[in-house]
Amino acid sequence: MTSRSLHCLRCARPAEGFDGCRTCAAEGIGVNAMPPLADLGGMDLSSCPGGPWGLPAALPVSGPPVTLGEGNTPVVRLRNGPDRAGANAPAGEVWLKYEGGNPTGSHKDRAMAVGVAAAVAAGAETVVAASSGNAGAAAAAYAARAGLRCVVFTNEAVPAGLRAQIDALGAERVVRPGTTAERNAAMARAVEQPGRYPLTSYSSPSPGGNPPPSSQPRSSRGTPMPTRGTSRSPTSWRGTSPGGSSTRWWCPPAGRICWPESAAASGSWRPPD
Ligand SMILES: [Zn+2]
């Protein structure tokens, strides 16, 4: 089983071990590392068995899966119409994927199945997660399936039911009072030890979402640019981050979050229309 190389979603530089992209982190921006996108052109996906292991070419790991039967959860169709929601309500339909049907009751099972398989491939003896509940329970379950030790860093706000689930699945639950950043820092120290493999992010700034306000782009006058679209059509501008680099930002119509244009242009992320 070999890991496929991961790269930064924002700047496309190779990820550096478990630390992700240090270049973007130095600019105050946390970015997810991602594997090369699978080419699905010409594939008949109707023959795909589904679940996280249904399309191995799309995964950052290959080889024997670690599985508890995750995925293939039911789709629930919700309909809205005048007869049920009033004469002025638009008729429509929403399809919901019921992820509570996964083995530990959340969508986290999909990622943890693959993460634990990667840990096994790396020769790890212990997997480590930082979680407010669901991810910790999933990590504990899949670690137990693979015969790995599992350590879960949590805070005091984890609901009693999830605490019991993590404990019952044999994980070592470490409660860290304080902020999420402090909890993640404790996990960062833990994964520095040999034989340990992280199953969740622990970096600061956290990957995903928008950059923190201090790293938002500024105009030539040094005024912070808006973090949401203010016009009714897409706009973009070039701003300078506190680190001095120049970034072009892409801003969808009013009310939507702005993104570095490099992320939108990479084709791996598409803003909603
Ligand atoms: Zn980067």
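The values are calculated or read from the model by the stated rules, or taken from the named source; none is laboratory data. Since the model is a prediction, treat every value here as computed from it, not as a measurement. Backbone-built Cβ (ideal geometry, glycine too); neighbour counts: all protein chains shown. Areas reflect the complete protein model, heavy atoms only, side chains present, ligands, DNA and RNA absent. Shrake-Rupley method; radii C 1.70, N 1.55, O 1.52, S 1.80 Å.
Would you check if G41 is on the phi > 0 side of the Ramachandran plot, assigned to a loop (DSSP other than H, G, I, E, B) and outside the structural domain of V120 (by TED's automatic domain parsing)? It is false that G41 is on the phi > 0 side of the Ramachandran plot, assigned to a loop (DSSP other than H, G, I, E, B) and outside the structural domain of V120 (by TED's automatic domain parsing).
Looking across segment 55-66 at every residue that is in contact (Cβ under 8 Å) with a residue 60 or more places away in the chain and open to solvent by 40 Å² or more (accessible area, probe 1.4 Å), the one that is farthest from the ligand (Cβ to nearest atom) is identified as P64.
So if I check each of D109, D167, which one is open to solvent by 50 Å² or more (accessible area, probe 1.4 Å) and more than 26 Å from R22 (Cα to Cα)? I'd like the intermediate steps shown before the answer.
Values: D109 fails: open to solvent by 50 Å² or more (accessible area, probe 1.4 Å).
Just a single option satisfies the conditions, and that option is D167.
Of the residues making up segment 8-21, those that are free of Cβ contacts under 8 Å to residues at least 60 places away in the same chain, near the ligand (Cβ under 9 Å from one of its atoms) and either of a type in the set (D, E) or farther than 16 Å from P60 by Cα (or both) are R13, C21. Only a single item in (1) open to solvent by 40 Å² or more (accessible area, probe 1.4 Å); (2) outside any loop (DSSP other than H, G, I, E, B); (3) modelled with pLDDT of 85 or more; (4) within 16 Å of the ligand (Cβ to nearest atom) is not met by C24, and it is number (1).
Residue pairs whose Cβ atoms lie under 6 Å apart, sitting 6 or more positions apart in sequence or on different chains, and linking a residue in segment 22-48 that is under 24 Å from V61 (Cβ atoms) to a partner that is open to solvent by less than 50 Å² (accessible area, probe 1.4 Å) and away from the ligand (no atom under 15 Å from the Cβ), are P35/P60; A38/A58; C48/G54; C48/L55. Count, please, the residues in segment 27-54 that happen to be open to solvent by less than 70 Å² (accessible area, probe 1.4 Å) and either within 14 Å of the ligand (Cβ to nearest atom) or among the aliphatic types (A, V, I, L, M) (or both). Final tally of qualifying residues: 8.
Scan segment 135-163 residue by residue and report those that are in a helix (DSSP H, G or I) and at pLDDT 95 or above.
Filtering segment 135-163 for residues in a helix (DSSP H, G or I) gives 135-146, 160-163.
If the condition is that a residue be in a helix (DSSP H, G or I) and at pLDDT 95 or above, then A135, G136, A137, A138, A139, A140, A141, Y142, A143, A144, R145, A146 are the ones that fit.
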